[in-house]
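Data block below; observations after.
Here, each number is a calculation from the coordinates, and none is a lab measurement. All of these numbers come straight from a predicted model, not from anything done at the bench. With ideal geometry, Cβ positions are generated from the backbone for all residues, glycine too; neighbour counts draw on all protein chains shown.
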Amino acid sequence: MYIYLYLNIFTILFPLLLSFDKKVAFYRNWPALFPAILVNALVFIVWDVQFTKHGIWGFNEEYLTGIYFFNLPLEEILFFITVPYACVFIYDVLNAYITKDLLQSYVKTIALGLIIVLPTIAVFNMERWYTSVTFMLLAILHLVHLKYFGTKFLGRFYLAYLVHLVPFLLVNGVLTYLPVVWYNDNYNLGLRIVSIPVEDTMYSMLMLLLTISVYEGLREKFSIKHYQTSVV
């Protein structure tokens, strides 16, 4: 049963088909999106290879096609394409249909809380690699994002993150319940949302924030180039 492959197809199918919606016109942002996905994929594939090698997590061959790259299942590679695509699609759809930045007034509190709490948990759980690495990197990425963008995009990012938790819980729930992906609890806190390690929620936020940071950076760069070209 190719469950993991089917989940990848399910994840990207509707966002891809709806990318040509006139109001969102998501396809117009592909020049910024695809490089952002590539950057994200390179970072997380290298991470994935190392964690798989050390037995921090692994994959159940019963639910895979049997095709591997860098000792990772094809489906895992596809995950780093389909999930960021779907998440940034959610982000752009919300931006198009909800004009008000609903969480902007809470951004500093949320960001500061994450920057303080996550490294604290990481420091006290250094031997739990999934916990410590994920939490520390997410805090660092917040600092980097704030340095380059301030709070300009974070309110809308947090809203998209909250909305994405619905499909996240559905897809990741299947992956971890069967399990298609298994986790060694010696390297995480051992806390689960049903079958999903709590670290997965922060891992997903990290992946989404990295992709959107690069995506928005490229969109701004392209806009400046377009403006300069039009002026000339």
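Each residue of the range 89-97 was assigned a 3J(HN,Hα) from its phi angle through the Karplus expression (A = 6.51, B = -1.76, C = 1.60, θ = phi - 60°), giving 4, 4, 4, 6, 5, 4, 5, 6, 9 Hz with x at Gly and Pro. Other residues within the sphere of radius under 15 Å centred on the Cβ of F135, judged by their own Cβ, net out at -2 (K and R +1, D and E -1). Run the quick spin-label model on I3 and L143: label points 7 Å from Cα toward the beta carbon, then report their separation in nm to one decimal. Distance between label points: 4.0 nm.
Here the relative contact order of the range 55-156, from alpha carbon pairs under 8 Å that lie six or more residues apart, stands at 28 percent. Here the calculated FRET efficiency for L13 and L178, from their Cβ-Cβ distance with R0 = 22 Å, stands at 0.60, rounded to the nearest 0.05. For the residue pairs K53/K108; K23/K221; K53/K221; K100/K221; K22/K152, the C-alpha atoms sit more than 29 angstrom apart in K53/K108; K53/K221. Annotation: amide H-H contacts under 5 Å for F59 (H modelled 1.01 Å from N, sequence separation of 5 or more, or interchain): W182.
Count Lys and Arg as plus one, Asp and Glu as minus one, and take only other residues whose Cβ is under 12 Å from that of V214; the net charge is then 0. At full extension, L42 and Y106 could sit 19.9 nm farther apart than now, given 0.36 nm per residue minus the alpha carbon distance.
When only Cα pairs below 8 angstrom with a gap of at least 6 residues are kept, the chain shows a relative contact order of 28 percent.
Applying 0.36 nm per residue to the separation of T120 and L169 and subtracting their alpha-carbon distance, the gain on full extension is 15.1 nm. Average the reciprocal distances over every distinct pair of alpha-carbons in the range 16-143, invert the result, and give the Kirkwood radius in Å. 17.4 Å is the Kirkwood radius here. Mean separation of Cα pairs under 8 Å and 6 or more residues apart, divided by the residue count, gives the range 164-203 a relative contact order of 34 percent.
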